[in-house]
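**Student:** Below you will find the structure I want to go over with you.
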Amino acid sequence: MYAVIKTGGKQYKVAAGDEIFVEKLEGEAGDSITFDTVLAVADDNGIKAGADLKATVTGEIVKQGKNKKVVVLKYKAKKGYRRKNGHRQPYTRVRITAVNA
């Protein structure tokens, strides 16, 4: 059984036991979290989707942190122009515990 959830403006395909990196969520490591915006659920009977779907996905926050640094380089040959910018996006690592359909 798997589900498609929406959080942080992105969609994730999850099943029980998966660990995903999502945009930063409120809470500390060990806290339980529920995703209410479930777009689709698939099981042995097929896929169910739509606005009338009454499903939730529960998970546990594993870690709060930052992703790898993304580096943007600008360079113009023979002009002595070099620029380097970096960015680290905050994330939350979540372990999916159950898909409730």
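No lab work stands behind these numbers, since they all come straight from the coordinates. Note that the coordinates shown come from a computational prediction; the quantities given were computed from them, not determined experimentally. All Cβ positions, glycine included, derive from the backbone under ideal geometry; neighbour counts span all protein chains shown.
**Student:** Which FRET efficiency value, to the nearest 0.05, is calculated for Thr97 and Ala77 with the Förster distance at 35 angstrom and r the Cβ-Cβ distance?
**Tutor:** Here the calculated transfer efficiency is 0.05.
**Student:** Find the lysine pairs in the range 47-101 meeting two conditions, Cα atoms under 23 Å apart and a separation of 8 or more places or different chains, and report how many there are.
**Tutor:** For the range 47-101, the number of qualifying lysine pairs is 5.
**Student:** Which of Asn67, Phe35, Ala55 sits farthest toward the positive end of the charge dipole of the chain, with +1 on the Cβ of Lys and Arg and -1 on the Cβ of Asp and Glu?
**Tutor:** Looking along the dipole axis, the top candidate is Asn67.
**Student:** Just checking my list (i) 12.3, 39; (ii) 14.6, 50; (iii) 18.7, 64 against Rg and Dmax of the Cα atoms in Å computed from this structure; which label fits?
**Tutor:** Calculated Rg and Dmax of the Cα atoms in Å: the matching label is (iii).
**Student:** Once the piece of chain linking Lys13 and Lys84 is laid out straight, how much longer is it, given 0.36 nm per residue of separation minus the C-alpha distance between them?
**Tutor:** Taking Lys13 through Lys84 to full extension adds about 22.1 nm, to one decimal.
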